[in-house]
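Some notes on the structure that comes next.
The values are calculated or read from the model by the stated rules, or taken from the named source; none is laboratory data. Computed from a predicted structure; not experimentally measured. All Cβ positions, even for glycine, are placed from backbone atoms using ideal geometry, and neighbour counts span all protein chains on display.
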Amino acid sequence: MGFGRAVHQLQRKRLFAATVFLLGVFIGWGLRSFLTISATTSVKNSEEILLFVAIVSSPNASTARQAIRDTWLRLQSQHTIAHKFFVGSYGLAPSDIERLTREKNTYSDVVVLEHFEESYDRLSSKLLEIFKWTTANVNLVYLLKVDDDSLARVDVISDELVKRRRTPLYWGFFSGNAPVFRKGKWADRTWFLCDRYLPYARGGGYVLSADLVHYVANNADILQAYKSEDVSLGVWLAPLKLSRRHDPRFDTEYRSRGCFNSYLVTHKQTEQMMRQKVNSLRHNGMLCPMEVRTRYSYIYNWDESPSKCCIRNDTKVP
């Protein structure tokens with residue numbers, strides 16, 4: 001009897017220990033799951049941002065960033081707008097990193113991509129990093145991507161966006177007949193799809209709905225990156241069912257078409273030009289004291305083949 005009772009007690013102790021172990025595993029798993037859900041919820045349940053402005057910048061462009069802070073980022077809007085400057089820091093000198101860190105701490109609007117080395121050849125990869133960061137950290141409805149030499153009427157853009165149905169949107173100034181560069185700075189030796197680039201919105205500035213940003217971010221590891229980030233984005237979104245909205249008010253080509261008060265985004269702007277135009281807008285209600293055309297624009301013809309899409313023959317188009 002003594003031996004049997006001892007065996008019985010030993011079995012009870014083992015059963016109790018196993019129960020405690022399993023309970024600990026369950027509690028630990030539950031706590032881990034709760035913390036994971038809480039971390040995710042803290043991002044996704046944060047305030048909804050109607051328009052998130054992602055500004056592509058570089059380490060040595062602090063004066064350009066300050067000009068943007070002082071000018072068009074201050075244009076008043078009734079809607080929720082947020083912004084970040086995205087800068088790669090890999091390979092920088094310690095003094096440059098220190099200066100960038102001070103700016104980040106001062107303004108809280110610089111995202112330092114620590115593992116990204118700035119290079120024109122890697123702009124497509126940088127765009128993927130921006131989209132991944134945004135997907136993980138911002139509860140956005142729309143994203144406006146611009147360069148740090150672009151001026152954007154975020155007030156007017158947000159007013160127009162709030163009025164539309166929330167369907168997939170790719171909005172900018174589209175090109176569909178651009179030849180593939182094989183020589184020079186923009187030479188793209190990885191391109192093999194056809195003899196012209198697929199239709200894409202020019203990279204000085206474009207708007208994407210959140211679902212498209214998330215799509216690109218979630219598939220970043222299997223997307224082929226090409227030389228130019230705007231060309232790459234056009235390819236990534238090519239098979240998707242979405243609204244491609246060509247808008248001449250996006251003056252976003254490699255050089256500006258001039259100055260028109262209707263422009264929503266104007267590319268290739270110096271810091272002085274930004275300050276002058278926003279100052280004119282504040283005091284006179286107009287970006288341009290006098291409207292000027294330096295090259296023709298066009299209305300994209302989606303009913304024609306890409307080679308005939310984009311004829312610059314309409315002097316009435318801004």
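Of the conditions (1) closer than 25 Å to residue 61 by Cβ; (2) touching a Pro at 6+ places or on another chain (Cβ under 6 Å); (3) of a type in the set (Phe, Trp, Tyr), residue 263 fails just one. Which one is it?
Exception for residue 263: condition (2).
Would the stretch 62-74 turn up any residue that is in contact with a Phe, Trp or Tyr (Cβ under 9 Å, 6 or more places away or on another chain) and farther than 22 Å from residue 281 by Cβ?
no
For (1) on the phi < 0 side of the Ramachandran plot; (2) in contact with an Asp or Glu (Cβ under 6 Å, 6 or more places away or on another chain); (3) in contact (Cβ under 8 Å) with a residue 24 or more places away in the chain; (4) not acidic (Asp, Glu), each residue gets a yes or a no:
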residue	(1), (2), (3), (4)
224	yes, no, yes, yes
230	yes, no, yes, no
233	yes, no, yes, yes
236	yes, no, no, yes
243	yes, no, yes, yes
246	yes, no, yes, yes
252	yes, no, yes, yes
255	yes, no, yes, yes
265	yes, no, yes, yes
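Among 231, 292, 265, 235, which is the only one that is among the hydrophobic types (A, V, I, L, M, F, W, C), at pLDDT 95 or above and under 21 Å from residue 160 (Cα atoms)? Before you say what the answer is, go through the steps one by one.
On the way: 231 fails: under 21 Å from residue 160 (Cα atoms); 292 fails: under 21 Å from residue 160 (Cα atoms); 235 fails: under 21 Å from residue 160 (Cα atoms).
Within the list 231, 292, 265, 235, the selection yields 265.
Can you pull out the residues in the stretch 61-117 that are more than 23 Å from residue 127 (Cβ to Cβ) and hydrophobic (A, V, I, L, M, F, W, C)?
Taking the stretch 61-117 and keeping what is more than 23 Å from residue 127 (Cβ to Cβ), we get 63, 66, 70-71, 74-80, 93-95, 98-99, 101-102, 105-106.
If the condition is that a residue be more than 23 Å from residue 127 (Cβ to Cβ) and hydrophobic (A, V, I, L, M, F, W, C), then 75, 93 are the ones that fit.
Can residue 256 be described as assigned to a loop (DSSP other than H, G, I, E, B) and either among the hydrophobic types (A, V, I, L, M, F, W, C) or out of contact with any strand residue (DSSP E or B) (no Cβ under 9 Å at 6 or more places or on another chain) (or both)? So that I can check it myself, show each step before the final result.
On the way: assigned to a loop (DSSP other than H, G, I, E, B): yes; either among the hydrophobic types (A, V, I, L, M, F, W, C) or out of contact with any strand residue (DSSP E or B) (no Cβ under 9 Å at 6 or more places or on another chain) (or both): no.
No; evaluated as a whole, the condition is false for this residue.
Given (1) more than 18 Å from the chain's Cα centre (by Cα); (2) surrounded by 19 or more Cβ atoms within 10 Å (Cβ to Cβ), where does residue 216 come up short, assuming only one miss?
Going through (1) more than 18 Å from the chain's Cα centre (by Cα); (2) surrounded by 19 or more Cβ atoms within 10 Å (Cβ to Cβ) one by one, residue 216 breaks only (1).
Can you tell me which residues in the stretch 80-134 are under 21 Å from residue 145 (Cα atoms) and among the aromatic types (Phe, Trp, Tyr)?
Correct list: 85, 86, 107, 116, 120, 131, 133.
I'd like the residue in the stretch 268-313 that is hydroxyl-bearing (Ser, Thr, Tyr) and outside any loop (DSSP other than H, G, I, E, B) and, out of all such residues, is surrounded by the most Cβ atoms within 10 Å (Cβ to Cβ).
Ranking the candidates gives 297 first.
Which of the residues spanning the stretch 84-101 are closer than 23 Å to residue 156 by Cα and in contact with a Lys or Arg (Cβ under 9 Å, 6 or more places away or on another chain)? If you could, list the steps in order and put the result at the bottom.
Of the residues in the stretch 84-101, the ones closer than 23 Å to residue 156 by Cα are 84-85.
The answer is 85, and nothing else.
What single numbered condition from (1) within 19 Å of residue 157 (Cα to Cα); (2) under 12 Å from the mean Cα position of the chain (by Cα); (3) β-branched (Val, Ile, Thr) fails to hold for residue 252?
Just one mismatch for residue 252, condition (2).
To keep it simple, each residue is scored yes or no on (1) within 30 Å of residue 272 (Cβ to Cβ); (2) at pLDDT below 95; (3) surrounded by fewer than 21 Cβ atoms within 10 Å (Cβ to Cβ).
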site: 107; (1), (2), (3): yes, no, yes
site: 125; (1), (2), (3): no, no, yes
site: 137; (1), (2), (3): no, no, yes
site: 144; (1), (2), (3): yes, no, no
site: 173; (1), (2), (3): yes, no, no
